[in-house]
Every structure is written in structure tokens, then in C-alpha cells.
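Here is the structure we will look at, set down as C-alpha cells.
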Amino acid sequence: MKSKMTSKGRAMTAAVCALSCALIILGTFIKIPLPMISITLQLEFVLLSAMLLGAWRSSLSVAAYIILCGVPVFTYGGGIGCVLKPSFGFIIGFLVASAVTGFIVEHLKERTFWKLFFAAMVGTVIIYVIGTVYFYFVTRLYLNTYPGFMKMMSA
């Protein structure tokens, strides 16, 4: 089956995905300090791109972000060793959450605040479930330590 997208449409998709990836990278460096943890804006930019771009384009943006793991674009630096960091599971969760959230938003008949809020909450739950499970297994099996629940939630 031949693609119906023109070269202008492909260029526009590439530009929008690159801008979304750049926003996710920028969100890495914007930190909100709280008493026990500090929050970055990565999660918000991932969900925003999913709501605005849809499942395919937002997943492409997050995949580009993950591919850039050799460059120091993550909160804790970069390099291929970042895959073995306990908090890398949250970044994997970004990819799944962007696809699911984008899919939900694409299939809404009408976009109301509460429906978009629901889609964002589904994406957030996906990110935290994947991230927490990954965090647990990496710390338990690879680092041979037991992380407490609060430590897992603050990663």
C-alpha cells in the first residue's frame, strides 16, 4: 500500500516530532524541587505531545528521545549505561504512555477537559507502573539491594 503523505507532509511530521522531542529534552532540565523529591517536566511534555500529536507522532518523538541516550539529555546524564540505571524504566514508560494516551485522544468523539484529564491519568499510571517495576527489578536483581517504596516513587 502506497503512502498518501506528500513530501511536505513528511517534512512537517519530522519537524513537529523533532520539536516535541526537543521539548521533552528541555523538560529534563526544568526541575521543581519538593521536600523529598524533585520533579521534572518530562512527564508533562510527553503527555502534551501525545494529546496534540496523536499516538504515532508522539511515540516517534519519544523514541527519538530514547535513541538519544548516548547524549546527555536525561536528568542523570547519558551514555549507553543509562539503560541499567533504575530510573530508566520511567523513560520506557514514556514510550508506552505516549502511544496509549495518543490513541485514547485520537478516538475521542469530543475533547472535553475531563476526557483529556482521564487520558493523561492513564498515561501517568502507565509510566509509574512500568517505571516502578523496572526500578524494583534493576535494584533487586542487578544492584542486589532492596529499595523502599518511597525510594522507588522518588526515582
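Length gain on complete extension for the stretch Phe118 to Phe29, per 0.36 nm per residue less the alpha carbon to alpha carbon distance?
29.4 nm
Of all aspartates and glutamates in the structure, the ones whose alpha carbon falls short of 18 Å from that of Lys31, not counting any fewer than 8 places away in one chain, are Glu44. Extension gain, Leu84 to Trp56: 0.36 nm times the residue separation minus the Cα-Cα distance gives 7.4 nm.
FYI, it's all coordinate maths here, none of it is from the lab. Note that the structure is predicted; figures quoted are calculated from it, not measured.
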